[in-house]
Structures are given as structure tokens and as C-alpha cells.
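Below: one structure, written as C-alpha cells.
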Amino acid sequence: MGDIKSFKYRKLIIKTTIFLIFYVVFFQYMRLIVKDNLPLILFVHSLMFIVYILSLYRIKWGLFLFIFLIPLLNFSTIPFIRRPRYIILFLFFGLFLGFLVNNTSKFLSRRSLKYSGGITFDTKITKTMFIFTVILFISCAITIFRYSNFYPFITNDYYNLAVNVNGVGSTGSMIWTIRCFLNYFVGFLFFILIYNVIDSIKDITNSIISLVSATMISAGVIFYQYYFNPYFGNVEHWVISGRFNATFTDPNALGAFTILLFPAYIGLLIYFKKWYLKLLVLLSFIIFLAELFLSGSRSAFIGIILAVIIFAVIFISRGLAYIKRRWKFYSKRFKTILILVPVIILICLILFYFYLSYTPDSNILKISLVKRTIDTFRTGIYYTGKYGIIEGFKSISNYRYIYWGQAVEMFKDYPLTGVGQGSYLLQLPNYFVINMTNFYNVDYSGNYYLQVLSELGLPGLVLILFVFYLLINKVFNYFRLKRRLKSFENSDWLLTALFISFISMLVGQIFGPHTNFEEVQFTLWLVIGLMIVYVKLKQTGFKEELKPLRICRSIRFDIGEKVALSVIVLVFISSMLISSLTSMSINVGQNLYDKKGNYKGWENSYGFYKVETIEDETFRWAGIDASEVVEKKGDRMIIPIKDAIPIESQKPLLVNVFVNNCLVEKIRLEHNKWIDVVIDIPDSTRDHFTLTLTFSRSWVPKELGLTPDSRELGARIGEYRFID
């Protein structure tokens, strides 16, 4: 009995520790993002508190409320808040904290929660997600370390340095890296939460209805934008383009959301049996379609066309099979009607095409999506016919081919690790310069898979594709069993719709990393979670060996898997550390050259003061850390240094000399004496390199009562000399 009690409390301590870590990370991140914005802090904390408290007492209610809020808190015109700044991400922290507390409390309470006897997983999916998260975390940690300029291992203090030619700072880059890590990580956490909380088909439909209900509010906003005030929650760029964002970050995020929700509407229309429920869903669906057209997203249009084609193939194949079985029982009149219906539909489509062709002033053609799609089609045909298929593709890609090309170049440079988590955008300006593109518009990669490849290398892409493969495989296995058993249920249309939604988004990701938007990422993993939960609920009637999912309560790797994982992690860490300390580091990267060898770098200069002359000595004071870009004029460099503190210190002044990130000399200075420090410049440096000096102590004249000078001083630095 004592062992059981000890086990329960040990599990409680582990889960409480996880909760506290999550809690601390959340508030530290919140402090960085929303500082000096009291209205935002009050608004977000109030909402988060509501979600958290609701999740403590009714975890499903908290989940449904969170799902309802996903589409609504992403645009800029929220009362008294100029920028939403990832509000939905903060709310998820509240939801997940409630989920963790719920699971922890079960070890002390007899009232075990209904939805599970503990957190459960599918073995294969969770193992792959875990390995991907490990790679993600390592990449994130090393990337942050790189952007900090390896503080405190090189310099004594932290400096907000420029990380690219556009001058983006280290601090902003590190926050961006954390944000990108969380974007992936919370998707996995949301999947685990859904997998454990949803325990009935009714819960699945309630989740979808929560999302649909919020969409009606979003539709009201987009109609207001279209008819009254296009600048409400929108920016000038999209207004000029005739595109609207409703309550989403931008029109592209809205378009991606419509890809995910479109099949779900069709699934609900088929699943509901009562006519008034079908009518409500149909009316909501019609309003929802207006959002698609007003978003003007061509990627969404392609994704929805794909969904329509898949549904059409399913309906036609099932319909033909049914008609074939019943054909001999039909009257001649009914057979004639069945033949004429598709012919009439085809004729209507042809007439509609001619109507649009001969009425250029039609209001339909003024809709942004229709106009952009027609213009894209015409442009592609023209350039393909005149210059070939490659130029035709470039003409309609909206410069995506340039972004794709830079992503491929990043992968070629760093195939094992990529340029680091979230660093595609940060490295893109440098690659524009290196590859002499004469193009300077910084944007996302234009392709989700190329973004993963460029940021996490081949291991990252293989792992995330394997996650998607496993998800597809689970659903295929379920339908294969249902077909063998010949027991297709009406509720299986919900799974069909969710699966089509998932597949459509995977295709849509080819044309843009839509899941970079938090609202789209959460919606995608909601769809995935509901899809897998449905399989989990329905597989209870299958034989154990035939079940698509293998449910477990902990992740266990066998010895072979542990060895393989260790090798992958060690190779990844080693490769990324080497590249981060060399070509990807700030000190090396700022000495930038284009393909022709022309110097195009920028300079992070700090710690060196203006030239002074005192007692016939001409020098510059250096702070406790000092760094600058130096032009290479020889193979060896002489740096005159003097410890000129007025009062001799008990501790000697130690100096570290770095060329780029390589420690080339470590010396001990004598008080009040000039020393010529001779360093060998590594052969790997080109005609510019970064010189960094760090000192073991500093002093302030004002603090010593000598002068009003408040500068922090390390040593005097004389004029550099070079020798071959």
C-alpha cells in the first residue's frame, strides 16, 4: 500500500514540475511580448483566467471556448489594443495548464476525470513527434545562443547586435526564434490535449460547431469591411488589393482557414439528419463562402477545388455503385432524369463561362478572388506561350520562385541542420545579397516544406513528413477495415470530411507556410486531433491486432531506437554548433561577400571610443568588451594594449583576443606598460574579419573621483599594424 501511495505522489511531483515549468515559461514570454501595454495585459490575463478556471472544472467547456476563440482574436482592431500579438497562444497556455492540473489532481481525488485514466498517446505518432520536438528544441536553443553572440562565453556583457544586412537586432531575433518554436510545439501539445479530452462523436461535432459559430462572427466583420470600412482591422496594402481579412491576421490566414473549414461544413451537412440542423449549417456555409471570395486567396481557392474534386469522386463512385445495383428497378423516366442531370449541369457551367466572357462589367468579375484567378490564368497562358513553361510558372508564382530558390540555397549550405529554427526570414536578406538577386522584399518562404528544409535541414523535413504519413496511414487503415467489414456508418462522413480538410491543407502548404499563423496552426491540429480521436473511438470494436492506433501511457524506446536517436541528436548538435560558431555566426556573417567576391557586409562596432591623445600617447579607450570589423592587410597583426588604470589593481588585467569567434591569444598585461600583442590571422579569413577584445575587469573614472567621465574603461588600444 505504501509503494502505491509513494508511486502516486512521485507521479504528482513530476506532473506538478511540468506544470510549474510551463507556467514560468508562459509568464516570462508574456512579460517580453506585452510589456508597457496595460490594456493588453489586462485583456489577455482576464481571458486566460476565464479559460483556465473553466478548464479546471470542465475541461471540455474550456476546450470548446478556446476553439470558439481561435478565429476571433487575431486582427488588429480589437478594442483598445493596436496589435493582438499572439493572444490565442497565451490563451492556449491557460487551457493547457488547466489540462495538466486536471491530470495531476486525479492522483489525489477519488473523482477520476471522465475523459481518460491518464494522458495517453499513440505510440508511433508520439515517438515521431517527440524526436521532431527534440530536433526543434536543439535548433531553437543553439540558434538563440548564436544570436546572443555566444554570451557569456565570448563577451562579458550582452549586446543587441545586427544579425543581417537589414539591421535586425539580436533581441528581436531571439524572441522571433522562440515564437517559431512555440508555433510548432503548441500544435503537438494541442493534439495531445484533444486526443485525451474528446471522448465521443458528440464532442467532435461540438468542436466543429464551436469553430463554425465563431466563423459567423468573423463573417460579420468581413461584410462590415466590404460594405462600410475596408480599413477596419485591415492594412492599406490589402485594402488596395481588394482583399479582406475579417478577424484573421491577414487575408492569406483567412484563406488558409477556409481550406480547413470547407470540408467540415460538407461533413456536417451529410452527418446531421434533422432538416433544421441541415438548414442552419447550409445557411452558415453560404455565408462562409463569402469569406473565401473576399479573402482573395488563390491558395485557398486551389485547396477548396481539390476538396471539391475529392468529394465529387467519392460521391460519384458511391452514387454509380448504388445506381448500378438499383438500375433494373428504375423506370425509364427516372433513368432519363439520371442521364440528363449531369448534362444539364455541364451546359449550365458552359453558359456561365460565356456569360462572364461577354459581360466584363459583371459584379462577379469584380470580386477579388475571381479577378485575381482570371488574371493569373491569363498571365500564365501568355508567358507560357511566348517564353516557355518555366517563365509561365514564374509569372504566376508572385515571386515565390525567388523565395523557393533561397530556401534551397540555405539547405545546400547546411543540409544537416538548416540555418536554424525560425531563421529563414532572418537569413533571407543576406542570401539576397550573396546570390545577387536584385530582389529585397523579405517574406515567408512561399512553401511550408521548403521552410522546414531550410530551417531544420533534411532531418527536420523527413520527421515532419513522417508524422503526416503516420496520420494518413492511420485513417487509411481505418477505412480499409471498414470496407472489409462493409460497415460504413453515417458518422464516418465526419472522418472523411476531416481527412479531406487535412489533405487539402497539406497541398495548400506547397504554396505558402500557412501554419506560421497561430490561428491556422491551431485549426490544423484541431482537425488532425479530431480525425485521430474519431479513429480511436471507433476502433474499440476491432480486434486488437487490427486496430490502427496503438495506445500507450508513456513513450518507451527500445535499445536500437535509443542508439539511433542518440546518433541523430549528436550529429545534429555537432553540425549545428560548428556552423553556428563559423559561417552562421554574427561575427563571421557580418563579413558578407556576394558570389563575385565583392564585400557587402555590415559592422557591429561596440566598446571602442574616439581617438584621444594624452601625454603624447595617441590611443582609443576600449570598454570591458570591444569589437569591430578590420580590413586584413597582412597575415599577422600587432595590437598595442596598455592597462592604464590610475590605481594599480591587485588583480592583473587579462585580455582575450578573438578573430571572428576564434580565440587566437590570451595575455596578461602589466600595469601602465604598453604591450604589443602579435596575433596570427587564420587563413580562413578573407579581406575583412571581426576583431573582439574582452578584458577581465574595467573601471569608471567618475567612480574613482578623478573626472566626471562615466565611461566603463578596460584598456588603451594603440594603432593596429600588420606584417606578412
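A few notes on this one:
- Taking the centroid of alpha carbons for each part, the range 500-516 and the range 49-70 are 27 Å apart.
- For the range 622-671, the relative contact order comes to 31 percent (Cα pairs under 8 Å, sequence separation of at least 6).
- Take H237: with every protein chain present and a 1.4 Å probe, its accessible area is about 110 Å².
- E617-D724 FRET efficiency (beta carbon distance; Förster radius 25 Å; 0.05 resolution): 0.35
- Carbon-plus-sulfur accessible fraction, the range 384-533 (probe radius 1.4 Å, protein heavy atoms only): 63%.
- Extended-chain gain in nm, criterion 0.36 nm per residue less alpha-carbon gap, L706 and A564: 44.8 nm
- Packing here is the average count of other Cβ atoms within 10 Å per residue, and on that basis the peptides 471-477, 339-345, highest first, run 471-477, 339-345.
- Residues R556, R620 ordered from highest to lowest accessible area at a 1.4 Å probe: R556, R620.
- Protection-proxy order for peptides 151-158, 648-655, each taking the mean of Cβ atoms within 10 Å per residue, highest first: 151-158, 648-655
- Which of M505, M436 is most accessible, then next, and so on - probe 1.4 Å: M436, M505
- Among F293, F49, the sequence by solvent-accessible area, most first, with a 1.4 Å probe is F49, F293.
- Accessible carbon and sulfur surface of the range 649-688 relative to its total accessible area, %, 1.4 Å: 45
- The label-point distance for K486 and K595, in a model that sets each label 7 Å from Cα toward Cβ, rounds to 6.3 nm.
- Centre separation in Å (Cα based) which lies between the range 409-438 and the range 532-569: 36
- Where the range 142-249 is the region considered: accessible area per residue in Å², 1.4 Å probe: 37
- For the range 156-215 and the range 230-279, distance of Cα centres in Å: 21
- Full extension of the chain segment joining M436 with F608 gains 58.6 nm, where the gain is 0.36 nm per residue of separation less the Cα-Cα distance.
- Solvent-accessible area, 1.4 Å probe, carbon plus sulfur percent, for the range 130-261: 67
- Relative contact order computed over the range 534-610 (Cα-Cα under 8 Å; 6+ residues apart), in percent: 12
- You can think of it this way: the chain between I551 and I310 has 83.7 nm of extra reach, that is 0.36 nm per residue less the Cα-Cα gap.
- Using a probe of 1.4 angstrom and keeping all protein chains present, the accessible surface of the range 408-495 works out to 41 square angstrom per residue.
The values are calculated or read from the model by the stated rules, or taken from the named source; none is laboratory data. Not measured: the values here are computed from a predicted model. Cβ atoms come from the backbone with ideal geometry, glycine included; neighbour counts cover every protein chain shown. To get the accessible areas, we keep the full protein, side chains included, count just its heavy atoms, and leave off ligands, DNA and RNA. Shrake-Rupley method; radii C 1.70, N 1.55, O 1.52, S 1.80 Å.
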